[in-house]
1. If Ala84 passes every condition in (1) under 18 Å from Gly238 (Cα atoms); (2) modelled with pLDDT under 95 but one, which one does it miss?
2. Output the number of residues of the range 133-170 satisfying the condition of being touching a Leu at 6+ places or on another chain (Cβ under 6 Å), under 14 Å from Pro87 (Cα atoms) and either in a helix (DSSP H, G or I) or not small (Gly, Ala, Ser) (or both).
3. Which one of Gly79, Gly66 is at positive phi, surrounded by 16 or more Cβ atoms within 10 Å (Cβ to Cβ) and of a type in the set (Gly, Ala, Ser)?
4. Examine the range 188-208 for a residue that is in contact (Cβ under 8 Å) with a residue 12 or more places away in the chain, farther than 23 Å from Ser265 by Cβ and not in a helix (DSSP H, G or I), and state whether such a residue exists.
5. Give the range 11-29 a look and list any residue that's part of a loop (DSSP other than H, G, I, E, B) and either out of contact with any helix residue (DSSP H, G or I) (no Cβ under 6 Å at 6 or more places or on another chain) or surrounded by 24 or more Cβ atoms within 10 Å (Cβ to Cβ) (or both), or say none.
6. Name the residues in the range 280-292 that are closer than 19 Å to Arg16 by Cβ and either in a helix (DSSP H, G or I) or among the hydrophobic types (A, V, I, L, M, F, W, C) (or both), would you?
7. Taking the conditions exactly as written (among the hydroxyl-bearing types (Ser, Thr, Tyr) and surrounded by fewer than 24 Cβ atoms within 10 Å (Cβ to Cβ)), does Thr252 satisfy them or not?
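The values are calculated or read from the model by the stated rules, or taken from the named source; none is laboratory data. A quick note: this is a predicted structure, and the numbers were derived from the prediction, not measured. Reconstructed Cβ throughout: ideal geometry from the backbone, glycine too, with neighbour counts over all protein chains shown.
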Amino acid sequence: MRSLLLVNLPDRIVIREVGARDGLQGEAALSVDQRLELLDALLTAGLTHLEIAAFVSPKAVPAMAGAAELVAGLGAPEGVVRTALVPNLRGAEMALAAGIDELTVTISASAAYNQRNVHMTIEESVAAVAEVCSLAAGAGVPVDAVVSCAFGSPYEGDIAPAAVALLAEQLRASGAAAITLADTTGMATPRRIADVLALTGAAVGLHLHETRGTGLLNLYAGLQAGVVRFDTSVGGLGGSPFAAGAAGNVATEEAVALCDDLGVSTGIAIDRIIEAAMLVEQMVGHPVPSRVAHVGPRSRRT
């Protein structure tokens, strides 16, 4: 008899590696060559979907300087989706000119967080996302609208699941090809994941953080609900610079180790992604928060 823990789990999931963007945005700036070395290590590990850059002002986010140069240096590896975050229409124009494969745009379900992050109301951000989607559609490039604070806000507390579902519907109507729900400041719990997914459906991505130690629990809750797209960051680096106390993303190697044990395929080699985590640890000059990166998966004796 199959364990109830394994019931309804997908056979395979897609992990979008966000370490080169979300993971590094709050770190001291690495050179383009260093970031290319990291991306090469991630490709070697088997990642096929990577958020590699943000087309933002280098004055605002120095760690993301040289985005176009980075895209050119990486080239277009076969079978790999190269994603870039864009904050506005100008950023989208630059990313499309660089030849990116997918755009991500952020909009918050929290009015206060949205104002602090992009200095717009939610309604204004929906209109801005529609403009980006229209531009990207002309270039045949899909847009993933990432809904931050989808499971709670550090400023307003709980966000009603119905409000998140309504915003997701508005973004799809505005042209977004995909929706990703982000637990920006780590307020999600498995119960809250289930409550939101009950209204949005499982055809969304999840972008989870480990602020309160529930990231992997929430990922497992998403698996059980039928979600097959997840954002993770090598080494567990990351976190929003606009929210006090925000911690890093779920570590890619920890997600892979869990999925390997559950029999859920990721296509990522655990030893190679740990090597990439150790590489980025050396680059940023401090220990990465990932536990699996340091002690290895359960299949490895320490």
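1. For Ala84, the failing item is (2).
2. Qualifying residue count for the region: 3.
3. Details: Gly79 fails: surrounded by 16 or more Cβ atoms within 10 Å (Cβ to Cβ).
Within the list Gly79, Gly66, the selection yields Gly66.
4. Yes: the range 188-208 contains one or more residues that are in contact (Cβ under 8 Å) with a residue 12 or more places away in the chain, farther than 23 Å from Ser265 by Cβ and not in a helix (DSSP H, G or I).
5. Narrowing the range 11-29 to residues part of a loop (DSSP other than H, G, I, E, B): 11, 13, 18, 24-29.
Within the range 11-29, Asp11, Ile13, Val18, Leu24, Gly26, Ala28 qualify.
6. Val280, Val288, Val292, listed by residue number.
7. Values: among the hydroxyl-bearing types (Ser, Thr, Tyr): yes; surrounded by fewer than 24 Cβ atoms within 10 Å (Cβ to Cβ): no.
Against the criterion (among the hydroxyl-bearing types (Ser, Thr, Tyr) and surrounded by fewer than 24 Cβ atoms within 10 Å (Cβ to Cβ)), Thr252 does not qualify.
Residue-by-condition table, conditions (1) touching a helix residue (DSSP H, G or I) at 6+ places or on another chain (Cβ under 6 Å); (2) surrounded by 19 or more Cβ atoms within 10 Å (Cβ to Cβ); (3) closer than 29 Å to Arg116 by Cβ; (4) at pLDDT 95 or above:
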residue: Arg191; (1), (2), (3), (4): no, no, yes, yes
residue: Leu206; (1), (2), (3), (4): yes, yes, yes, yes
residue: Thr214; (1), (2), (3), (4): no, yes, yes, no
residue: Asn218; (1), (2), (3), (4): yes, yes, yes, yes
residue: Ile273; (1), (2), (3), (4): yes, yes, no, yes
